[in-house]
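One structure below.
The values are calculated or read from the model by the stated rules, or taken from the named source; none is laboratory data. Just so we're clear, the structure is a prediction, and the values are computed from it rather than from any experiment. When we count neighbours, we look across all protein chains shown, and the Cβ atoms used for this are built from the backbone with ideal geometry, even at glycine.
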Amino acid sequence: MPSPEPTLRRDAQRTRDRLIEATGALLEHSGPDFTLPELAKEAGVGTATVYRHFADTTQAHQEFEKHTVAGLSQLIRTLPSHLSGRQRFERICAGWVKRSQTEVAPARFIRSPQGFLERQSRQQEPQMNELAAALRSALQDLIGEGVLPDQDLDIAALLWITLFDERVVVDLTRSRRWSANHIAVFLGDALLRTLGATTDPLAEGASADATRRKNTSTGTAEPTTGSANP
């Protein structure tokens, strides 16, 4: 007879996923000051179930942040291998912004007081270290293609994370009503310029826009790589 253990583990993981999703919903609607019984109600489970997963709301906050960081790493890791470094960069920017507008947006209420470099040096957060490695790899591809000059990849990754903070994305979305693609292109171009891009990103974008307008007038419009879904 098959062991019930895998099924039990899957059930526990599904419950944990529901609790993490409910944590995000409560953060977005009420901020960080909710209780575990309120989390149980939001997730549709018993209070005892919540306590089997989280000792307190601080742990719920931490698990939600780990989930968001791991999700970004997975987005980067699963991109098609045939992409150029520039295409990969654009896909990462587009996916990052879309996630920051939706499921990652609540993380802005619980950001750690420690900085990106400090958290890496502590070697206690595997999700953050995995994300840092993924960003460094993407940046190294840009250097290898001649898009960026050689530089400190940790500092470059720090600037990437700083510019694409979900607080910035949510602010531009709500205050300026910018689309995800507009934000991704704007922040991506800003990052490339800051890192000393050897080409003019904005000039390339203007050329692409002109081509797209021309194609639209002839009925042959195609999406740019910056607007492609990850």
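Residue-wise test of (1) without any contact (Cβ under 8 Å) to a residue 60 or more places away in the chain; (2) surrounded by 15 or more Cβ atoms within 10 Å (Cβ to Cβ); (3) on the phi < 0 side of the Ramachandran plot; (4) hydrophobic (A, V, I, L, M, F, W, C).
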{"site": "Asp17", "(1), (2), (3), (4)": "yes, no, yes, no"}
{"site": "Leu36", "(1), (2), (3), (4)": "yes, yes, yes, yes"}
{"site": "Phe64", "(1), (2), (3), (4)": "yes, yes, yes, yes"}
{"site": "Arg86", "(1), (2), (3), (4)": "no, yes, yes, no"}
{"site": "Val97", "(1), (2), (3), (4)": "no, yes, yes, yes"}
{"site": "Ala107", "(1), (2), (3), (4)": "no, yes, yes, yes"}
>> Need the failing condition index for Glu103 against (1) at pLDDT below 95; (2) not in a loop (DSSP other than H, G, I, E, B), just the number.
In response: (2)
> Would you pick out the residues in segment 116-139 that are surrounded by fewer than 17 Cβ atoms within 10 Å (Cβ to Cβ) and touching a Gly at 6+ places or on another chain (Cβ under 8 Å)?
Replying inline: none
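Being without any contact (Cβ under 8 Å) to a residue 40 or more places away in the chain and either more than 22 Å from Gly71 (Cβ to Cβ) or among the aliphatic types (A, V, I, L, M) (or both) narrows it down to one residue among Ala157, Ala138, Ala132; which is it? Even if it seems obvious, please write down each step before you answer.
Details: Ala157 fails: without any contact (Cβ under 8 Å) to a residue 40 or more places away in the chain; Ala138 fails: without any contact (Cβ under 8 Å) to a residue 40 or more places away in the chain.
So the residue among Ala157, Ala138, Ala132 that is without any contact (Cβ under 8 Å) to a residue 40 or more places away in the chain and either more than 22 Å from Gly71 (Cβ to Cβ) or among the aliphatic types (A, V, I, L, M) (or both) is Ala132.
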>> Here is a list: Leu72, Leu163. Which entry is surrounded by 18 or more Cβ atoms within 10 Å (Cβ to Cβ) and either of a type in the set (Gly, Ala, Ser) or at pLDDT 95 or above (or both)?
In response: Leu72
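From the list Gly71, Gly95, exactly one residue is within 18 Å of Ala134 (Cβ to Cβ), touching a Leu at 6+ places or on another chain (Cβ under 7 Å), among the small types (Gly, Ala, Ser) and part of a helix (DSSP H, G or I). Which is it?
On the way: Gly71 fails: touching a Leu at 6+ places or on another chain (Cβ under 7 Å).
Of Gly71, Gly95, the one residue that is within 18 Å of Ala134 (Cβ to Cβ), touching a Leu at 6+ places or on another chain (Cβ under 7 Å), among the small types (Gly, Ala, Ser) and part of a helix (DSSP H, G or I) is Gly95.
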> For the subset of segment 118-138 comprising residues that are of a type in the set (S, T, N, Q) and assigned to a helix (DSSP H, G or I), which member is nearest to Asp150 (Cα to Cα)?
Replying inline: Ser137
